[in-house]
Amino acid sequence: MSDLPVRPDVAQARRQAKELLRAARAGDADALARLARVSAPLTLAGAQLALARELGLPSWAALTREIQARNTAIPEDVLRFLSSSVNLQIGAAARMLHDDPALALSGFPAAVVLGDAARVEAELARDPGAATRVDPGTGWTALHLACASRFHLDPARAPGLVAVARRLLDAGADLDGASSGRRCWRPLECAVTSANSSRNNEPIIRLLLERGAPVRPETLVAALYAAGGTWCQELLTRAAAETPEVFTDALAEAVTGPDLDAVAVLLAAGADPDAPGSDGRTPRRRALTAGLAATVAALGGAGADPVEHLLEAIVTGDASRARRIAAADPGLVDRLQPDDRATLVATAEHGNRAAVAVMLDLGFPIGTRREGADEDGATALHAASWAGSADTVALLLERGADIGARDARWEGQPLHWALVGSGEAPDTAPAPDWVATVQMLLDAGAPIAEITLDADDPKPPSPAVRELLRTRGITGTGRTG
């Protein structure tokens, strides 16, 4: 879980209502459906009513009163503790609890995240509505908190968290309730995201599945990022065995990870590598255009599409076959879609010099970029420079790649990408050598005017590359000497 949103306030809720109204007036189907569910008019008051009802309150006035009451009731240190308890700052939460044991007694939410079943039971006896109440700021219920709590990492607390989750469900908690915040979280996704190799929260995941929590595509995608192997993925795919169509998006994500273990689990469960995902591309096509030869092999190679056969031959290094396929259909390369052509960028990032050479020989434009709303607009030279693939950089420069080209996201040039790559040290290319890469780019005349080398640069070059720049007289102010 990335974070627990900060203290709720009326202004935040008002902004959410205005955003809902704007979306509805723009014709957004989901926003219109949210208003229609409570028969709310297409006005600000109607949007406020819809938001209040979604959060379990009868009116906007009741929502604002609840927010004010929550802000009064929950001190800032307790909110920080709760937030840290459900995200990657669990170490900070544990230290806070050690320094101030009274946090454990601060209220119902703290009892939930700590798995204090006795205190949860006592609170439910006093206030049964606590089991189903929705926090107006986060859209979360107590069940979300119990499932997301990272205190399951403490073996002494893990059984208590299972008992709390079971008690909340027995008391009427919504098994599949969706939060209304920035992202729609459900209890199962909360539990899956906090899974790790200790498997201490496996009983909670099993409890939710036994009670009937549905496995959605986003649940399986979340499991890809859970630490500790594929046990969670295997558990979810078994639970969703009758609906393998929900596996497609997870398979598409796994193939480009690449996560070959997860690919194997999903294929064994019945995932179809030729089923279009949410972006319209199949997992097989995504693996091919990502230039991942091992993943392509795991999927059984190319499908029936001639383009896929061409891409397979390219990424697996079968240059003669690639040339035969292209020669048999002279218009094939011209018919490639932007995603297909971007295989040039992917293979450059993987340091697959032979594949890059074949694509250039076949007529792939050397200035091909990664395109799309979520892409960075990098060229093959950007990608190879970042990966430190010196031999691929040499090939691209020899073939006339634009050394001053700028990407679409950061407006960086290939030299900038090489400097950042040297510091980040990705392992996408075999035997990366950023010193040789930067030397080559400088020798080819890469512009240096925008190199800063600030001491507080968030993405500094490696010490070895910094030393190279120093010996070349590059001061980091756009001047030499």
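The values are calculated or read from the model by the stated rules, or taken from the named source; none is laboratory data. Just so it is clear, the model here is predicted, and its values are computed rather than measured. Cβ coordinates were reconstructed from backbone atoms using ideal geometry, including for glycine residues, and neighbour counts include every protein chain displayed.
Yes or no, residue by residue, for (1) without any contact (Cβ under 8 Å) to a residue 40 or more places away in the chain; (2) outside the structural domain of Gly160 (by TED's automatic domain parsing); (3) more than 13 Å from the chain's Cα centre (by Cα):
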position: Asn200; (1), (2), (3): no, no, yes
position: Ile205; (1), (2), (3): yes, no, yes
position: Glu210; (1), (2), (3): yes, no, yes
position: Thr219; (1), (2), (3): yes, no, no
position: Ala223; (1), (2), (3): yes, no, no
position: Thr237; (1), (2), (3): yes, no, yes
position: Val246; (1), (2), (3): yes, no, yes
position: Val255; (1), (2), (3): no, no, yes
position: Asp259; (1), (2), (3): yes, no, yes
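Only one entry of Gly400, Gly377 meets the criterion of being touching a strand residue (DSSP E or B) at 6+ places or on another chain (Cβ under 7 Å) and in the same structural domain as Ala429 (by TED's automatic domain parsing), and that entry is Gly377.
Having 3 or more residues that are farther than 23 Å from Thr428 by Cβ is the bar; report the helices (runs of 4 or more DSSP H) wholly within region 255-326 that clear it.
On the way: elements: 260-268, 283-289, 293-298, 306-315.
Here the list reads 260-268, 306-315.
In region 461-481, the residues that are among the small types (Gly, Ala, Ser) reach residues that are outside any loop (DSSP other than H, G, I, E, B) and modelled with pLDDT of 70 or more with C-beta atoms within less than 6 angstrom, at least six apart or across chains, in these pairs: Ser462/Ser422; Ser462/Gly423; Ala464/Val435. For beta carbons closer than 6 Å, sequence separation of 6+ or different chains, a first residue in region 442-460 that is not assigned by TED's automatic domain parsing to the domain that holds Leu419 and a second that is surrounded by fewer than 16 Cβ atoms within 10 Å (Cβ to Cβ) and assigned to a loop (DSSP other than H, G, I, E, B), there are no qualifying pairs.
Answer yes if at least one residue in region 176-198 is more than 21 Å from Thr132 (Cα to Cα), among the aliphatic types (A, V, I, L, M) and not in a helix (DSSP H, G or I), and no otherwise. Among the residues of region 176-198, at least one is more than 21 Å from Thr132 (Cα to Cα), among the aliphatic types (A, V, I, L, M) and not in a helix (DSSP H, G or I), which makes the answer yes.
The rows are residues; the columns are (1) under 16 Å from Asp135 (Cα atoms); (2) surrounded by fewer than 18 Cβ atoms within 10 Å (Cβ to Cβ); (3) of a type outside the set (D, E, K, R).
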{"residue": "Val78", "(1), (2), (3)": "yes, no, yes"}
{"residue": "Val86", "(1), (2), (3)": "yes, no, yes"}
{"residue": "Ile90", "(1), (2), (3)": "no, no, yes"}
{"residue": "Ala94", "(1), (2), (3)": "no, yes, yes"}
{"residue": "Pro101", "(1), (2), (3)": "no, yes, yes"}
{"residue": "Ala104", "(1), (2), (3)": "no, yes, yes"}
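Scanning region 311-325 for residues that are crowded, with 17+ Cβ neighbours inside 10 Å and over 11 Å from Val358 (Cα atoms) turns up Glu312, Thr316, Ile325.
May I ask you to verify whether Asp361 is modelled with pLDDT of 90 or more, within 28 Å of the chain's Cα centre (by Cα) and outside the structural domain of Asp407 (by TED's automatic domain parsing)?
Working: modelled with pLDDT of 90 or more: yes; within 28 Å of the chain's Cα centre (by Cα): no; outside the structural domain of Asp407 (by TED's automatic domain parsing): yes.
Against the criterion (modelled with pLDDT of 90 or more, within 28 Å of the chain's Cα centre (by Cα) and outside the structural domain of Asp407 (by TED's automatic domain parsing)), Asp361 does not qualify.
Within region 5-64, how many residues turn out to be touching a residue at least 60 places away in the same chain (Cβ under 8 Å), assigned to a helix (DSSP H, G or I) and acidic (Asp, Glu)? Total satisfying the criteria: 1. Examine region 417-434 for a residue that is within 21 Å of Leu292 (Cβ to Cβ) and aromatic (Phe, Trp, Tyr), and state whether such a residue exists. Scanning region 417-434 turns up at least one residue that is within 21 Å of Leu292 (Cβ to Cβ) and aromatic (Phe, Trp, Tyr). For Ala165, the conditions (1) of a type in the set (Gly, Ala, Ser); (2) modelled with pLDDT under 95; (3) outside any loop (DSSP other than H, G, I, E, B); (4) crowded, with 21+ Cβ neighbours inside 10 Å are fulfilled apart from (2).
Where residues in region 447-477 are outside any helix (DSSP H, G or I) and of a type in the set (D, E, K, R), which of them is nearest to the chain's Cα centre (by Cα)? Before you say what the answer is, go through the steps one by one.
Filtering region 447-477 for residues outside any helix (DSSP H, G or I) gives 447-462, 472-477.
Checking the rest, the ones that are also of a type in the set (D, E, K, R) come to 450, 454, 456-457, 459, 472.
Working: Glu450: 31, Asp454: 30, Asp456: 27, Asp457: 25, Lys459: 21, Arg472: 39 Å.
So, considering only residues that are outside any helix (DSSP H, G or I) and of a type in the set (D, E, K, R), the one nearest to the chain's Cα centre (by Cα) is Lys459.
Looking at Asp77, Asp99, just one residue is within 24 Å of Leu161 (Cα to Cα), modelled with pLDDT of 90 or more and charged (D, E, K, R), and that residue is Asp99.
So that you can scan it fast, the table gives a plain yes or no per residue for (1) surrounded by fewer than 23 Cβ atoms within 10 Å (Cβ to Cβ); (2) of a type outside the set (D, E, K, R):
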| residue | (1), (2) |
| --- | --- |
| Ala264 | yes, yes |
| Pro283 | no, yes |
| Arg286 | yes, no |
| Gly291 | no, yes |
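Taken together, Gly160, Gly177 contain a single residue that is modelled with pLDDT of 95 or more, assigned by TED's automatic domain parsing to the domain that holds Ala110 and under 22 Å from Glu210 (Cβ atoms), which is Gly160. The set of residues from region 327-346 being within 25 Å of the chain's Cα centre (by Cα) and in a helix (DSSP H, G or I) comprises Pro338, Asp339, Asp340, Arg341, Thr343, Leu344, Val345, Ala346.
One line per residue, one yes/no per condition, for (1) modelled with pLDDT of 95 or more; (2) over 30 Å from Pro258 (Cβ atoms):
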{"site": "Gly421", "(1), (2)": "yes, no"}
{"site": "Ala429", "(1), (2)": "no, no"}
{"site": "Asp433", "(1), (2)": "yes, no"}
{"site": "Gln439", "(1), (2)": "yes, yes"}
{"site": "Ala449", "(1), (2)": "no, yes"}
{"site": "Thr452", "(1), (2)": "no, yes"}
{"site": "Asp456", "(1), (2)": "no, yes"}
{"site": "Arg466", "(1), (2)": "no, yes"}
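In region 239-250, of all residues being in contact with a Ser or Thr (Cβ under 9 Å, 6 or more places away or on another chain) and part of a helix (DSSP H, G or I), the one that is surrounded by the fewest Cβ atoms within 10 Å (Cβ to Cβ) corresponds to Pro244. Filtering Gly412, Gly377, Gly400, Gly388 for residues that are small (Gly, Ala, Ser), surrounded by fewer than 17 Cβ atoms within 10 Å (Cβ to Cβ) and in contact (Cβ under 8 Å) with a residue 12 or more places away in the chain leaves a single hit, Gly400.
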